[in-house]
Structures are given as structure tokens and as C-alpha cells.
2 protein chains.
Amino acid sequence: MVERVVPIPSARRPTLIDIARECGLSRATVARALSGKGYVDLDRRRLIQETADRLGYRTSTIARALRTQRTSSVGVLIADITNPIFPQIVKGIDEIVSSDGHTIFLSNTDEDPQKQVAIVRSLLDRQVDGIVMVSQTLADETLKLLEHGPPCVFVNRRPYEGVDYVGPDNEQGIELLLTHLRGLGHQRIAYVSGPSHSSTSRERLAHFRVSMAACGLEVDERLVFAGNYYKESGAKAAEAFMAVTPRPTAILAANDFVALGIVGYLHSIGLNTPADISVTGFDDMFDSSLMETEALKVEGLTTVNQPKRHLGRAAGKLLLERLGAPDAPGRKVILPTELRIRHTTGPVRKG
Amino acid sequence: MVERVVPIPSARRPTLIDIARECGLSRATVARALSGKGYVDLDRRRLIQETADRLGYRTSTIARALRTQRTSSVGVLIADITNPIFPQIVKGIDEIVSSDGHTIFLSNTDEDPQKQVAIVRSLLDRQVDGIVMVSQTLADETLKLLEHGPPCVFVNRRPYEGVDYVGPDNEQGIELLLTHLRGLGHQRIAYVSGPSHSSTSRERLAHFRVSMAACGLEVDERLVFAGNYYKESGAKAAEAFMAVTPRPTAILAANDFVALGIVGYLHSIGLNTPADISVTGFDDMFDSSLMETEALKVEGLTTVNQPKRHLGRAAGKLLLERLGAPDAPGRKVILPTELRIRHTTGPVRKG
DNA sequence: CTGAAAGCGCTTACAG
DNA sequence: CTGAAAGCGCTTACAG
């Protein structure tokens with residue numbers, strides 16, 4: 001008996017044509033039936049649906065995208081997924097956009113402008129329907145690319161006013177902290193800012209000055225340090241402040257990382273918080289419910305919570321709405337912060 | 001003077017045809033020049049490249065994908081981006097696959113089988129080139145979908161032997177912990193397992209028994225609790241263990257969450273670690289360098305570190321290699337763990 | 001209500 | 001070395 005090579009039925013995915021043949025109809029009719037758009041005889045519609053199910057038909061998003069020029073995908077840029085701020089924001093974005101059938105391309109820029117440009121270019125190549133930029137300072141080239149790109153929503157930093165933007169209420173946050181410190185008797189208060197290329201960082205610094213004035217306090221310029229959001233800049237700032245006479249009794253940091261750097265440095269030279277000096281952060285980066293626990297919790301940094309999940313959700317909504325109204329004016333969503341009093345602030349030390 | 005409506009040059013992206021026209025050549029030649037495949041006259045090649053740059057041409061990944069059936073995208077499934085274990089693994093995967101031109105679709109399954117199926121279906125619809133499943137217990141339907149899908153690499157859990165798999169050395173990790181506890185004089189040791197649907201959880205439990213025997217210790221079945229990796233199960237287990245006489249002097253937890261639950265419960269009933277009882281975790285979920293700081297650090301859980309970033313990298317490599325060799329046999333990469341002795345373990349209490 | 005046809009923007013044998 | 005042509009799998013006016 002001669003062996004015969006049985007042609008293995010190709011495992012390729014079925015297409016509209018396969019269903020059309022099976023049903024004795026045209027591709028057009030099948031497409032209309034499956035998409036639910038346009039008229040199709042009811043019985044045929046049923047037949048088509050059954051056949052599609054039986055063959056395991058799934059419409060090719062690629063082919064559809066090529067035809068319709070919409071991909072149902074969105075790009076999200078963050079600095080670093082291992083920075084605990086960002087996962088929460090991303091989760092919020094995801095909740096909203098994925099419920100609308102969009103899938104997320106997530107990329108880390110590591111604060112590197114070159115990477116940012118490369119990633120945006122890659123997203124444009126993929127024709128994402130929209131982009132969310134989380135805490136990104138835009139490179140000039142990125143800005144240029146975006147001009148011809150899809151809608152973009154900015155979270156925490158924006159290149160200029162008028163774009164779709166979501167951010168925490170930085171002014172209110174600073175006020176909460178200053179009011180808290182003022183209530184503890186602090187008057188000589190230092191500030192470590194973030195980088196000036198961050199709009200949020202600029203807002204926080206500007207409002208520090210405004211709010212100090214409103215409290216009737218003077219800002220000693222030797223007690224304002226231009227940091228960069230990283231721990232090391234907090235340490236350097238603290239070192240500089242300790243050389244100023246009289247020393248500050250409290251230090252406001254532009255974010256939690258900086259605050260940790262400050263506390264770390266103070267500790268290294270034998271000063272304690274809040275006994276010797278009070279320190280506050282901003283962001284409440286460790287507020288994930290997963291990380292809470294009664295016994296083993298992160299030692300308490302007094303800070304201001306930014307509602308990360310909600311910021312993400314708001315950004316997702318803004319983006320979806322923007323997709324439906326490309327020419328509407330830019331919108332701004334500012335979400336309130338909350339004071340979290342923990343263990344790095346206390347009454348001013350009696351000199 | 002009559003106003004004339006100047007037709008606004010459409011901002012649509014330039015295509016091969018635009019370049020071909022501009023250069024007086026065919027699309028085919030332009031495509032070959034730009035892709036670098038096939039022969040093109042050197043001068044023409046230059047002309048084409050210049051023209052492409054001038055027009056800002058970028059090849060449409062969608063059109064290419066439709067033609068070549070490769071998308072240069074990969075899907076990554078995790079349970080929850082806000083669980084600090086996963087970002088590090090994702091980062092490792094990203095480092096490898098993005099350097100190869102792949103972009104990542106990242107999705108949260110929230111341990112929900114329905115979501116898992118929906119996400120995998122969506123990834124298949126998008127024809128991703130590959131999938132990485134991180135800590136996923138596969139739903140039957142997912143498994144079925146994957147049979148006709150692209151290559152898939154499994155991290156931490158695998159549906160069966162023989163698939164591409166990357167995981168920590170669970171046996172070695174358990175041994176490190178038991179040896180450590182044994183050295184502190186502990187003999188009566190309890191274990192809180194993870195869910196039995198997790199291959200990694202099963203390995204840890206199985207090796208707990210093996211390793212206890214190897215140490216010459218007996219396993220009291222009343223001191224083995226079937227947990228589920230969540231904190232609450234740690235609390236319940238601890239409660240149960242405290243009702244057993246004699247009580248255990250040490251408790252091994254299948255992961256850090258469970259350990260936190262145990263410590264929390266013990267603390268709530270007035271018992272302290274390690275004075276009254278020793279507790280260990282697994283994973284070292286808080287080991288991000290971003291979270292380290294001298295002064296404000298996570299209170300110390302003794303645990304075993306799994307090299308998350310490296311696990312991710314290994315998974316990325318396995319996937320890329322698999323794309324180049326679809327029919328090669330499945331491979332397994334097991335990475336060593338490291339003991340992290342902190343403050344929840346101590347010498348057994350003299351009864 | 002249905003089908004023929006064009007077209008989205010590429011890639012790739014194939015013939016020359 | 002180059003170009004004509006087919007085809008990836010859809011969607012969508014358009015004519016009937």
C-alpha cells in the first residue's frame with residue numbers, strides 16, 4: 001500500500017471569504033452581518049453568525065485598521081514602571097480605555113529624551129488612536145512629532161496651557177502642608193523643588209512662595225534649593241540648608257523621593273525627624289492598598305496624597321472624549337490632594 | 001480681487017507611492033531601497049532615502065503587518081500592575097524585547113479567568129508575535145486559544161512541563177529559609193502555602209516537605225495551611241496555628257503578602273516577631289532600588305529574593321529565540337534566589 | 001437587501 | 001537592477 005501524504009489542513013485563521021463561501025454569500029454581506037452595520041436578511045444573518053462561530057472566525061484587527069485607519073490602541077508613556085507612582089496611574093488609564101476596547105502599549109522613557117522620541121515615533125508608526133504622556137517633559141522633537149499625531153493627553157506635566165491635561169491640585173497640596181506646619185509653629189521653612197522643566201514642579205515652587213506670603217512668612221532664598229525629584233538632590237539640599245544660620249525648622253520637599261533623601265541625610269548626621277526638624281513629601285507614593293499592613297508598614301512620611309488611580313481614570317476619559325471630538329478645545333482636570341499626617345512632622349523645637 | 005480657496009495640502013502620511021512619484025521610480029524599487037533588501041542602484045538608493053527623509057516618510061507598520069503577518073508586538077499578561085512584584089518583571093521583559101523592535105501590550109488580568117480569556121483573545125485578534133504569561137494560572141479556554149496562537153513563554157507558573165518557562169529556584173529558596181531557621185534552633189515549623197493551581201506554589205509546598213525531612217524534622221499536618229497568596233490567608237493560617245499545641249516557633253509563608261498577613265495577625269494578638277515567633281516570606285517584593293533608603297525603609301521581613309528583573313529578561317530572551325525557532329523543544333530557565341535576613345527571624349525562644 | 005469593486009499601504013516572487 | 005502584479009483581510013460607498 002502506497003503511503004499518501006495527506007495535506008494537513010492549514011491552520012490559518014478563517015477570513016470573511018471562508019464564511020462567504022460556506023454561506024454562498026458575498027464578503028460584503030458577511031461583513032455587514034458581522035459588524036451589525038447595514039441591512040442583512042435576518043435568516044442569513046443568523047446563518048452567517050453561526051458559521052463564523054463554528055469556524056472560529058475573528059475579524060483581523062490589522063486588516064480593519066489598515067482600512068479604517070483606526071487601531072483601537074493607545075500608547076502610554078511613563079518614566080519607569082518600577083517607580084510606584086506610575087503603576088497606579090496606568091491602572092486608572094487602563095480601566096477606562098480597555099473598557100472601550102482599546103489596548104495599551106506601555107513604554108518606559110527613563111526620563112531620556114532620546115527614548116521618548118523613539119517611543120513616540122514607534123507609536124505613530126503603529127498609528128495608535130491616542131497617547132497619554134505621564135510626567136513627561138517633552139523633547140522639542142517629540143512636540144514636533146505630536147503636531148501631526150493623534151490626540152494626546154498629559155498627566156502631571158504639560159508642555160503648555162491649552163492641551164488636555166490632568167493633574168493634582170498642586171497649589172492646594174502645598175497649602176495643606178504649609179498650614180499643617182504653620183499649625184505646629186514652624187516659621188523658618190525650606191523648600192526643595194523639582195526640576196524646572198516640569199510644569200508640576202514649577203507650580204509647587206511658585207505656590208510655596210505664594211502660600212508662605214499668605215501665611216505671613218518670609219522666604220529665605222538660601223532655603224530654596226533647585227532639586228530634580230531624585231533622592232540625591234534631597235540629600236544635597238539638606239546639606240546646604242544645614243549650613244545656613246539660623247537653620248530651618250521644617251523642610252518641604254517637592255516629592256516623596258526628595259523627602260526620603262532629606263530624611264536620610266539628616267539621619268546620617270545625627271538629626272532626627274520630627275524631633276530636630278520636620279520634613280514633608282508630596283505624592284504619597286506608597287499608598288497602594290497592597291502595601292498596607294498593620295505590622296510591617298513603610299515608616300511614615302508626612303505627605304500629601306495625589307489620587308493616582310483617579311488621575312489615570314480622568315486621563316483615560318479625557319482621551320476617549322477627545323477621540324470623539326478632535327476639535328473641541330483643550331480641557332483641564334485638577335484633582336484635589338489629601339494631607340497625610342504621619343511621623344516626620346511635629347511641633348517646632350523650642351530653641 | 002476674488003478670494004481663492006487654496007486647497008490645504010492634506011496632512012496624510014506619505015506613502016511609498018509619494019516617494020516613487022517624486023523619484024520617478026516604482027513602489028517596488030522604493031520599498032527595496034528603504035528596507036535594504038534586494039538590489040537598488042546606489043545613486044537611486046540615495047535619492048530615495050533623501051526623498052523619504054524630506055517627506056517624513058515612515059513605513060506603515062499596519063500595512064506591513066497585514067502583508068507579512070508579523071506585527072512586532074508582544075502581549076504581556078500580569079495579574080495587577082500595582083502589585084510591586086510585576087513591574088520589575090515587566091521591565092526586564094521590556095528591556096529585551098523592545099531592543100528587538102517589539103512593542104508591549106500590557107494587560108492586567110486581576111486573577112480573573114474571564115479577563116484572562118478576553119485579553120488573550122484580544123491579543124490574538126491583534127496578531128501579536130508572542131505572549132508572556134506572568135504568574136498566570138491558565139483557564140481551559142485560554143489554553144485552547146493558545147494552541148492556535150503564537151509562541152508563549154510562562155513566568156512563575158506553567159500549565160504543564162515542556163513549555164518555555166522561567167521561574168525562580170523554588171526548591172533552593174525553601175532550603176535557604178529552612179536552613180536559616182534550623183540554624184536558629186527552630187524545629188517546629190509551620191507552612192502557609194499558596195493556591196494549588198499555581199505550579200510555583202505547589203513546588204514550594206512540596207519542597208517544604210522534602211526539605212523538612214532532609215533536616216530531620218517532622219511535618220505536623222496541622223501546621224500546614226492551604227492559603228492563596230493573599231494577606232488574609234496568612235492571618236487565617238496564623239490564627240489556626242495558634243490553636244495548635246504545641247505552637248510552632250516559626251512560620252514559613254509561600255510569599256511576602258502571606259507573611260505580612262501572618263505578622264499582622266500575630267501583632268494583633270500581642271505576639272511579636274521575632275521575639276515570640278519567627279516568620280519568613282518569599283519573593284522580596286519590596287526590593288526596588290527606588291524604594292531603598294537609609295532612614296525610611298520598609299521594616300524588615302526576612303525572605304528570599306527572586307531576581308525579578310532577570311526573570312523578565314530571561315523570559316524576553318526565550319521569547320525572541322522562540323520566534324526564530326518555532327519548533328525547537330521547550331526550554332526551562334531556573335534562576336537562583338537569595339536569602340535576605342532581616343528582622344522577622346531570630347533564635348527560637350527558650351520555652 | 002445584496003454584490004462587485006475599489007482601496008487601505010505595504011511586500012515579494014516573477015519576468016525582464 | 002527594475003517594474004508590473006498579486007495579495008494580505010478588511011470596509012464601504014455605489015449601483016441595482
Residues located in region A:10-24, provided they are more than 20 Å from B:SER122 (Cα to Cα) and either near DNA strand C (Cβ under 8 Å from one of its atoms) or not in a helix (DSSP H, G or I) (or both): A:SER10, A:ALA20, A:GLY24
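Go through region A:76-85 and report how many residues are more than 9 Å from chain B (Cβ to nearest Cβ) and either among the polar types (S, T, N, Q) or touching a residue at least 60 places away in the same chain (Cβ under 8 Å) (or both).
So the count comes out to 1.
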Residues that are within 12 Å of DNA strand C (Cβ to nearest atom), within 9 Å of chain B (Cβ to nearest Cβ) and in contact (Cβ under 8 Å) with a residue 24 or more places away in the chain, drawn from region A:25-75: A:SER60, A:ALA65, A:GLN69
Failed condition for A:SER193, given (1) touching a helix residue (DSSP H, G or I) at 6+ places or on another chain (Cβ under 7 Å); (2) outside the structural domain of A:ASP220 (by TED's automatic domain parsing): (2)
Filter result for A:GLY183 (closer than 20 Å to A:VAL279 by Cα, out of contact with any Cys (no Cβ under 7 Å at 6 or more places or on another chain) and surrounded by fewer than 22 Cβ atoms within 10 Å (Cβ to Cβ)): yes
Residue in region A:37-45 that is more than 13 Å from DNA strand D (Cβ to nearest atom), farther than 29 Å from B:SER60 by Cα and open to solvent by less than 60 Å² (accessible area, probe 1.4 Å) present: no
Residue satisfying condition, being out of contact with any helix residue (DSSP H, G or I) (no Cβ under 6 Å at 6 or more places or on another chain), open to solvent by less than 20 Å² (accessible area, probe 1.4 Å) and closer than 17 Å to A:THR345 by Cβ, within set A:SER201, A:SER211, A:SER278: A:SER278
Hits in region A:114-131 (condition: more than 19 Å from B:SER98 (Cα to Cα) and outside any loop (DSSP other than H, G, I, E, B)): A:GLY130
Test: residue in region B:158-169 that is surrounded by fewer than 16 Cβ atoms within 10 Å (Cβ to Cβ) and farther than 23 Å from B:ALA79 by Cβ: yes
Residue match in region A:170-190 (condition: over 27 Å from A:SER233 (Cα atoms), away from every other protein chain (no Cβ under 14 Å) and in contact with a strand residue (DSSP E or B) (Cβ under 7 Å, 6 or more places away or on another chain)): no
Residue check for A:THR249: polar (S, T, N, Q) and open to solvent by 10 Å² or more (accessible area, probe 1.4 Å): yes
Pairs where the first residue, in region B:300-317, is in contact (Cβ under 8 Å) with a residue 40 or more places away in the chain and open to solvent by 10 Å² or more (accessible area, probe 1.4 Å) and the second is of a type in the set (Gly, Ala, Ser) and not in a loop (DSSP other than H, G, I, E, B), C-beta under 7 Å, 6+ apart: B:LEU301/B:ALA259; B:ARG309/B:GLY92; B:HIS310/B:GLY92; B:ARG313/B:GLY92
Residue in region B:47-54 that is within 12 Å of DNA strand D (Cβ to nearest atom), modelled with pLDDT of 85 or more and farther than 28 Å from A:VAL128 by Cβ present: yes
Residues of region B:86-143 classified as more than 12 Å from every other protein chain (Cβ to nearest Cβ) and in contact with a Phe, Trp or Tyr (Cβ under 7 Å, 6 or more places away or on another chain), total: 2
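The values are calculated or read from the model by the stated rules, or taken from the named source; none is laboratory data. Quantities reported herein were computed from a predicted structural model and do not represent experimental measurements. Neighbour counts run over all protein chains shown; Cβ positions are idealised from the backbone, glycine included. In case anyone asks, the SASA skips ligands and DNA or RNA and just uses the protein heavy atoms, side chains included. Shrake-Rupley method; radii C 1.70, N 1.55, O 1.52, S 1.80 Å.
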